[in-house]
Structures are given as structure tokens and as C-alpha cells.
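What follows is a short report on a single structure.
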Amino acid sequence: MKVTSMPSTSNAIPSNAMPPPAASTGRSSRIATHSHIKGLGLNAEGFAMADSAGFVGQESAREACGVVVDLIKSRKFSGRALLLAGAPGTGKTALALAVAHELGSKVPFCPMVGSEVYSVEVKKTEVLAEAFRRAIGLRIKETKEVYEGEVTELTPAEAENPLSGYGKTVSHVIVGLKTVKGTKQLRLDPTIYEAILKEKIVVGDVVYVEANTGAVKRVGRSDAYASSYDLESETYVPLPKGEVHKKKELVQDVTLGDLDAANARPQGGQDIMSVMGGLVKTGRTEITEKLRREVERVVKGYVDQGVAEVVPGVVFIDEVHMLDIECFTYLNALLESPMAPTVILATNRGKALVRGTTDVYSPHGIPLDLLDRCLIVKTESYAREQVAKVVQLRATVEGLALGEGVLDRLAQEGEKGSLRYALQLLTPASILATLAGRKEINVEDIGEMNELFLDAKTSAGMIGDKGGFNGGSA
């Protein structure tokens, strides 16, 4: 039976209508709120380029954040704070994410919301301390002697078990390794053979064995065994260059938070009670100040030896006005500590009461002593033309086609309500267009969505004098 749908704009499509059959079974990826942000969009001189890297407007704020990025990269901004202040929907979170993009994946970036500190498991100050420790990276460089190559032979040698007259045990294992320059045969301990079995290493795999510790790491499958399949789960790597026995520099990136957690976690036994206890105990454990000082002492020793390098990162606290006076006081202490990351704060409050007090009012809801430590960047509200550009950008990212007059209508709604409201109308309007059998959104779809969903200002206007919802119009 053939079903055809007649596109029509005059007849309204019921909101609960069933969608037409999908034309493709391809899996679509989720589009996040800030998927379009790719960076600050600055040129080589540090000036903001118009509508670049997913940003529209906010030239002054972007240029200020660009200066902060340069300071962070040169490690001259540690222990300082940047405050992003502006109305809701003006791009404060987007600016912080753009800073993270500019810094790259090697610089730790730890985002959190002010209300995260209120936990029943750990103290408020402990949550802040953990966030700060996760934002301080440690780059460890080690030069190790390794045996690296493609496995050409893997032969376990068995011997009689001296503890029992029955059965045999592995006395040693013969491993042959091959590189571009030559081959080598190694006689390894039985414990290393157990690690080889655990890594599921077979002939043809490229591996390296650390000479000091005997740790075995499988790099991948030799590309000589690559087949002609279009899709494979195997990772193929080229044959290693140089000799089999060589010195190799290994770089590992960890954070102080990782080291704290690794040392705070008790090493249980292998018995069934220890395993079950580890499964049952899922709560967070507070890390003592003594343990942190011990970790810092060890890290300082590594840094003095030239083995490790401290990489200060960024802590981003959104809705910072949700912190209370105790957290702000502790934040001051954290900023003054020797190992302190860069702190970026964001708030949409004007003059507000500092949480935890009854009579202390301060700009942005932040105590003046902490506010005095901050560089403050203001974000501007978007004009109608800028709202239209952001809507068009989001429509392109989400793969939505806009009909004639839709962009102007959404820009009008964004100016009247908010930018977020205009963006939130896009996806439901596209669903309505799909129900009608159309591939692009029409003005009628936006009108119907506007009737179904209210913006914040309209909803606030419907609240009566006594606080009840009277259902009237604004």
C-alpha cells in the first residue's frame, strides 16, 4: 500500500500526529547547546574577527579572554580570577568553553556549577578543593630502557612442578622481537608471560617490554598482517624503527586530583570480602590535608629532579553567586596557595545578598574581598541582527532549513523574549514541519510553537498580584 502526504500550510497539523516514516535509518548525533563554539575567533594580533569560530558579537569580551588565554599559556595567571558578568543568554558559558578550546587538551579544564558544592557526602570546601586539584596538571617525562618490536616467536618453556608430582609449570618464555634494523630473542620471567596472556598478545603484534619493571604493552597489530577488509576492530601499526633494545621517552599527563584519589583509595586484598566491600562502598571519600601535603612533597621532588613539570589549568565555576560565605572565604585561601590554577567565574546577578549571610549585599553576590581579586569582563546583550545570525548558525549546525521570513520572525521573538527562547523554538518547529511533509520550517510553524510554548517574560506577566497564575495575557 502506497501512502502519500500532501503538503499544506493552510491546515494546521495536530501536535500529537504521528510522524511520517523516516527516509533514512542513519544514526544522528546529539547536538549540544554549545556545539558550534570552536574557539574565541581571534586573529594573529588578538583582535576579534566578526562572526568567527561560532561566535557572534561580544568582540570586547572575546579579546579580553584572548589576553587571559595568552597569560595562562605563559603561566603568569595562576592564582588569579576572571569574572564573566552579564545577563542570562549573553554567552558567558560559551566564552569559558572557547577558552578551553584555545588552551587545548593538554591544559586541564575543570568546569563546575556553584550548586555542586552542596553535597550530603562531603563538605563544601572539600568539593572546591577537589576541583582545584583536578585543574592542576603534572606532565611526567621518563626515559626508559625498552625492548620494542613485532613478535615473531612466543614459546613458553615448561618444567616439572617442584611442589607437586603432577602437572607442569612455565619456567620461562622465549619471545622473538623484530624491528627494521634487526631481531632479538629474549628469555623472560614466567610473571611476564602472565602479563603477555593478559594483554592477549600473539605472533604478529607490536609490543614493548620495559627493561626495569617487566611491564608489557601491546601497541597494535603489525601492518604486514593488514587485510583488505573495509572495517576492522584491529589497530595496525608500522614496524618499529631502530634496534630492538632502545631508550624511549614516555610522557604521561595526570592531575593532582588523580594522585590524591589513587593514594586515598585503600588497596584491598583479593579475597571475596574485600572485593564485595569495594563494590558496596560507592560513596565519596574525603581526602585529608596530610595526604595532599605528602602528594605535593613528592611532586616537588619530581619537579626538582626535572622528571616532572607542573601545568596549571583552569577551574570554571558557573553561577558563582550560588556559593555561600564559607565557600568564598575558602576560595580566597585556595587562590593564595602555592599550587593554584586559573579561576574563571560566571554570574548573571547584579547587587545581591551573599548566601550564608542576612545583611551583606554585594555586587554580583560575591564578597568585595574576592571581587577585588578578579578581572571583570562584561558580556553585552545581543541586538536583533545578532540574534538572527546566531539562529542561522544553530540551524546550520542542526541541519535545519529555514523558509522565507522565518529568520526575521525568530529574531523578533529573540528580541522580545530572549535568545534562548528563539533557539528553543527551532527543533519543535522542525518536527511540526516534518509532520506536514515539508523539509523546511515555515513562519506558520513558528507561530504555532509560539502559541504552545511561552517565553519567560510572557509567563511572568501572567502571574497575578497574589502570586497565582491567572492565565491572562501579558
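The values are calculated or read from the model by the stated rules, or taken from the named source; none is laboratory data. These numbers were taken from a predicted model, which means no experiment stands behind them. Using ideal geometry, Cβ is built from the backbone for each residue, glycine included, and neighbour counts are taken over all protein chains shown. These area figures cover heavy atoms from the full protein model, side chains too; ligands, DNA and RNA do not enter into them. Shrake-Rupley method; radii C 1.70, N 1.55, O 1.52, S 1.80 Å.
Worth a mention:
- Annotation note: of Ser35, Ser52, Ser29, the sole residue that is open to solvent by less than 60 Å² (accessible area, probe 1.4 Å), modelled with pLDDT under 80, out of contact with any Gly (no Cβ under 8 Å at 6 or more places or on another chain) and not assigned by the TED database to the domain that holds Ala352 is Ser35.
- Filter result for Gly57 (at pLDDT below 85 and open to solvent by less than 20 Å² (accessible area, probe 1.4 Å)): yes
- Checking Leu197 against (1) at pLDDT below 85; (2) aliphatic (A, V, I, L, M); (3) outside any strand (DSSP E or B), the condition it does not meet: (1)
- Unmet criterion (only one of (1) surrounded by 12 or more Cβ atoms within 10 Å (Cβ to Cβ); (2) assigned to a helix (DSSP H, G or I)) for Ser115: (1)
- From the options Val315, Val343, Val390, Val360, residue that is surrounded by fewer than 19 Cβ atoms within 10 Å (Cβ to Cβ) and of a type in the set (Val, Ile, Thr): Val360
- One residue from Val310, Val303 being modelled with pLDDT of 85 or more, surrounded by 12 or more Cβ atoms within 10 Å (Cβ to Cβ) and in a helix (DSSP H, G or I): Val303
- Filter result (at pLDDT 85 or above and surrounded by fewer than 17 Cβ atoms within 10 Å (Cβ to Cβ)) within the range 270-300: Lys290, Leu291, Arg293, Glu294, Arg297, Val298, Lys300
- Matching entry among Val122, Val67 (being of a type in the set (A, V, I, L, M, F, W, C), assigned to a loop (DSSP other than H, G, I, E, B), surrounded by fewer than 22 Cβ atoms within 10 Å (Cβ to Cβ) and not assigned by the TED database to the domain that holds Lys457): Val122
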